[in-house]
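**Q** Once you've had a glance at the structure underneath, I'll fire off some questions.
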Amino acid sequence: MPIKVEGLSELESQLNLRFGKAHTTRWIDKALIAGSKVFIKYLRDNFDEFADKGYSRDEITASNPMWLNGKRTIKIHWRGPHNRFRIIHLNEFGTIKNPNPKGKGAVERALRAAQNEYYDVLNKEISRYVR
């Protein structure tokens with residue numbers, strides 16, 4: 001039962017046609033969770049470069065899979081007792097007084113570095129179920 005598909009949205013629609021929406025959603029959720037773990041690993045490595053006490057690195061968490069704009073999504077956010085979510089955007093983009101902080105662009109670097117491995121993990125996870 002070969003599937004020739006170019007993009008992820010096409011893959012999802014083909015899986016929906018062949019196996020049903022419930023099974024497909026379950027498989028995609030498992031793949032997204034595995035992919036988010038890969039991205040979080042890269043993100044934590046990038047945050048190690050400028051960690052003071054490591055609160056920003058320790059508070060990185062992933063949400064449960066959810067529907068967002070018609071697509072299954074996992075959000076990466078900062079939750080914890082030190083409220084680092086308030087300052088992550090300052091580290092990522094800088095401020096007027098400190099335009100180039102140590103961690104500037106850490107999230108973007110992690111996105112670029114993890115991209116290939118993320119897609120490989122998604123492909124591997126989904127191919128486990130489609131044989």
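The values are calculated or read from the model by the stated rules, or taken from the named source; none is laboratory data. Keep in mind that this is a model prediction, so the values were computed, not measured. Glycine also receives a Cβ, built like all others from the backbone with ideal geometry; neighbour counts cover every protein chain displayed. We work out accessible area using only protein heavy atoms, side chains counted, and drop any ligands, DNA or RNA first. Shrake-Rupley method; radii C 1.70, N 1.55, O 1.52, S 1.80 Å.
**Q** Quick check on my filter: what residues within the stretch 87-102 are open to solvent by less than 50 Å² (accessible area, probe 1.4 Å) and outside any loop (DSSP other than H, G, I, E, B)? Can you show your working first?
**A** Filtering the stretch 87-102 down to residues open to solvent by less than 50 Å² (accessible area, probe 1.4 Å) leaves 88, 91-92, 94, 101.
Ile88, Asn91, Glu92, listed by residue number.
**Q** Could you tell me whether Asn46 is farther than 30 Å from Val130 by Cβ and touching a residue at least 60 places away in the same chain (Cβ under 8 Å)? Steps first, please.
**A** Values: farther than 30 Å from Val130 by Cβ: yes; touching a residue at least 60 places away in the same chain (Cβ under 8 Å): yes.
Yes: the conditions hold for Asn46.
**Q** Follow-up. When the residues of the stretch 59-86 are filtered to those that are on the phi > 0 side of the Ramachandran plot and among the polar types (S, T, N, Q), which remaining residue is least open to solvent (accessible area, probe 1.4 Å)?
**A** Asn83
**Q** Still on this structure: Which condition breaks for Thr24 when tested against (1) more than 26 Å from Arg128 (Cα to Cα); (2) hydroxyl-bearing (Ser, Thr, Tyr); (3) buried (at least 17 other Cβ atoms within 10 Å of the Cβ)?
**A** Status for Thr24: all satisfied but (1).
**Q** List the residue pairs whose Cβ atoms are under 6 Å apart, where the first residue sits in the stretch 10-31 and is of a type in the set (A, V, I, L, M), the second is not in a helix (DSSP H, G or I), and the two are 6 or more positions apart or on different chains.
**A** As it stands, the answer is Leu11/Val5; Ile28/Arg72, since those pairs meet every condition given.
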